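I have placed the structure first, in the form of structure tokens, so that the comments after it can refer back to it.
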Amino acid sequence: MHLFVAGAGGAVGRALLPRLLAAGHRVTGTSRSDAGAERVRAAGAEAVRVDALDAAALREAVVTAAPDAVFHMLTDLSAADGPANSRLRHEGTRNLVDAAGAAGVGRLVAQSISWAYAPGPDPAGESDPLDLDAPATRGATVAAVAALERISAELPQAVVLRLGLLYGPGTWYAPDGAASATLRGEPGARFLGSVTPDAAVSSFVHVDDAASAAVAALDWPAGPVNVVDDEPAAARDWVPALAAAVGAPAPEPVASDERPGWARGARNTLARSRGWHPGRPTWRTGFTED
């Protein structure tokens, strides 16, 4: 197959390229920069320098490539700029889906998140609603996620991967990432998350496991799928483990058991039923492997 990876220079995109190439696929990957495009070529794929916010250029790139399927791995997180990332989820997704439609492509695998669910007592499943009534900053994030998923679903074979918090190479939770730097007290560290050891529950997934799910999703039915590890966990549990793994002092835990209702984690039952399983089943051991 000829596969088009939009956002090939992102954390998941970089992990995805070698898997697709090793499976014998022809791959075209995009980057916004010359340096990023060169990294795509160095990985063995064809490269296109294009900004996903440029609708005409992206359309030309996809139509010229004429792929069999498209991967939507677009993010804008390097500067921890939430509004910029939300804009890409809205406008970039619109442009990519329109481009795929113009190229006659019906199969899309898109990267979403698993912490946009509405409040609930237990880890969320795919049938649970998104938190569309969330206030302020979270509301803008959820609205952008909902737009990404709604626009993606315009293609008949769109699979949306609701990923857990990503860790591993190129992520905020890597040893050289912003979350780890925050734990070490390094100046200037900034990311869209928290390392406060409280009762808020999150689900994680290693970038390699996210990439393996993206490959598998080429054969999955359309719709959303949680791609997370087996152990949703409160921050009071995972923050000290991350601190130990990256050589940082563990912050003092918050005594209260209260958590935001939406900070509930997610379950991976559906993905497992389709044959996917995380190579790193829990962050407890995964944090120490990179």
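Points worth noting:
- Here the helices (runs of 4 or more DSSP H) wholly within segment 50-154 that include at least 3 residues being under 17 Å from the mean Cα position of the chain (by Cα), among the small types (Gly, Ala, Ser) and farther than 22 Å from residue 14 by Cα are 136-152.
- Any hit, segment 166-175, residues being at positive phi, buried (at least 23 other Cβ atoms within 10 Å of the Cβ), small (Gly, Ala, Ser) and under 15 Å from the mean Cα position of the chain (by Cα): yes
- Tally of residues being crowded, with 23+ Cβ neighbours inside 10 Å and either modelled with pLDDT under 95 or charged (D, E, K, R) (or both) across segment 221-270: 2
- Boolean, residue 283 is under 23 Å from residue 170 (Cβ atoms) and of a type in the set (Phe, Trp, Tyr): yes
- Any pair with Cβ under 9 angstrom, 6 or more apart, that starts in segment 210-224 at a residue that is at positive phi and ends at one that is part of a loop (DSSP other than H, G, I, E, B): 223/126; 223/153
- Taking the listed residues 116, 61, 99, 140, the one that is touching a Ser or Thr at 6+ places or on another chain (Cβ under 8 Å) and surrounded by 24 or more Cβ atoms within 10 Å (Cβ to Cβ) is 116, with no other qualifying.
- Condition check for residue 79: closer than 19 Å to residue 31 by Cα and modelled with pLDDT under 95: yes
- Selection of first residues in segment 68-92 that are more than 28 Å from residue 102 (Cβ to Cβ) and of second residues that are at pLDDT below 95 and in a helix (DSSP H, G or I), restricted to Cβ pairs under 8 Å at least 6 apart or on distinct chains, gives the following pairs, ordered by first then second residue: 82/137.
- Residue match in segment 189-198 (condition: charged (D, E, K, R) and either in contact with a strand residue (DSSP E or B) (Cβ under 7 Å, 6 or more places away or on another chain) or free of Cβ contacts under 8 Å to residues at least 40 places away in the same chain (or both)): no
Residue-wise test of (1) touching a residue at least 40 places away in the same chain (Cβ under 8 Å); (2) not small (Gly, Ala, Ser).
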| residue | (1), (2) |
| --- | --- |
| 4 | yes, yes |
| 8 | yes, no |
| 12 | yes, yes |
| 15 | yes, no |
| 38 | no, yes |
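- Options 215, 207: the member that is of a type in the set (A, V, I, L, M, F, W, C), in contact with a Leu (Cβ under 8 Å, 6 or more places away or on another chain), at pLDDT 95 or above and closer than 21 Å to residue 141 by Cβ: 207
The values are calculated or read from the model by the stated rules, or taken from the named source; none is laboratory data. Not measured: the values here are computed from a predicted model. So basically every Cβ, Gly included, is an ideal-geometry build from the backbone, and we count neighbours across all protein chains shown.
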